[in-house]
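Computed from the coordinates by the stated procedures, all read-outs in this text should not be read as laboratory data. Computed from a predicted structure; not experimentally measured. Don't worry about glycine lacking a Cβ; one is built from the backbone with ideal geometry, like all the others, and counts go over all protein chains shown.
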């Protein structure tokens, strides 16, 4: 069965030549498509179901780049025209960040030559040479596996929680569904819906376009898009009175300070950090301070060992392990 979201939101962004190639790929591949990578002068590459492959003229999968379709300069030019709708100037801020979020919440990473300001900061990109089209997929119910760890069974209150995982292990998908279910009051039988504030610095959680979330993040959820996390959390507390703050990929000291201020104000926090385990991330100054302050009651370590969102281990606020992934029988 054709994926309507790909047909309506992704394929129209590709140059006609590459669009024809990608749409010929096997249905099983397209149904699990994660990324389409265009690099000028290089083979057309895709990532799907935790695998990568190149595509030949017929949409067939190839491991040898030499047997695959090569992305031409004209493909890059046409794709840029379609992605930006011929208005590079209007998207200058997005280009400065290196990505554009499009309808459907999909994020398109862009590389080229950086243009710097007098202060030495990136002002925009020009001479675009590559795209990484990341397909955003909502998985309704993905957070069900977390409910016994993020909800206190006796009080139905939300634990302040840090999700820890390497990139592309499903933490953003889980975080998005946590926001939706907690906002709607459906994560636990005894809980009511909560006011949720999402600070979406990278426009990944809600996938806002013109400020409007493209993903379902819940009926009681407010989103602050493309705003630095620390500043955004404080803005949310002052202006929107959230009961729960959700943000992604903390790591700076200012993030730590904002989280502590939220916790001291009685606001619950669920957030994430890149890493492979609690002991590793605890060595970072900001997270070490949060750990020592007892900011989090739960640390959940994720992997993709048994697919994205695999729960490897769960720790309490003191670092005591309360759950470990069960070994799969051989």
_Against the condition in contact with a helix residue (DSSP H, G or I) (Cβ under 9 Å, 6 or more places away or on another chain), under 25 Å from residue 27 (Cα atoms) and surrounded by 13 or more Cβ atoms within 10 Å (Cβ to Cβ), how does residue 79 come out, does it pass?_
yes
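Return the only residue of 198, 139, 164 being farther than 21 Å from residue 290 by Cβ and in contact with a helix residue (DSSP H, G or I) (Cβ under 8 Å, 6 or more places away or on another chain). Steps first, answer last, please.
Values: 198 fails: farther than 21 Å from residue 290 by Cβ; 164 fails: farther than 21 Å from residue 290 by Cβ.
From the options 198, 139, 164, the qualifying one is 139.
Only one of these is in a helix (DSSP H, G or I) and touching a residue at least 24 places away in the same chain (Cβ under 8 Å): 10, 36. Name it. Break it down stepwise before answering.
Details: 36 fails: in a helix (DSSP H, G or I).
On inspection, the qualifying residue turns out to be 10.
Residue-by-condition table, conditions (1) within 14 Å of the chain's Cα centre (by Cα); (2) free of Cβ contacts under 8 Å to residues at least 40 places away in the same chain; (3) on the phi < 0 side of the Ramachandran plot:
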site: 99; (1), (2), (3): yes, no, yes
site: 103; (1), (2), (3): no, no, yes
site: 119; (1), (2), (3): no, yes, yes
site: 122; (1), (2), (3): no, yes, yes
site: 127; (1), (2), (3): no, yes, no
site: 140; (1), (2), (3): no, no, yes
site: 150; (1), (2), (3): no, no, yes
site: 167; (1), (2), (3): yes, no, yes
site: 195; (1), (2), (3): no, no, yes
*Can you name every residue in segment 311-321 that is part of a strand (DSSP E or B) and touching a residue at least 40 places away in the same chain (Cβ under 8 Å)?*
311, 314
*asked:* Against the conditions (1) free of Cβ contacts under 8 Å to residues at least 12 places away in the same chain; (2) in contact with a strand residue (DSSP E or B) (Cβ under 8 Å, 6 or more places away or on another chain), where does residue 279 fall short? Just the number, please.
replied: (2)
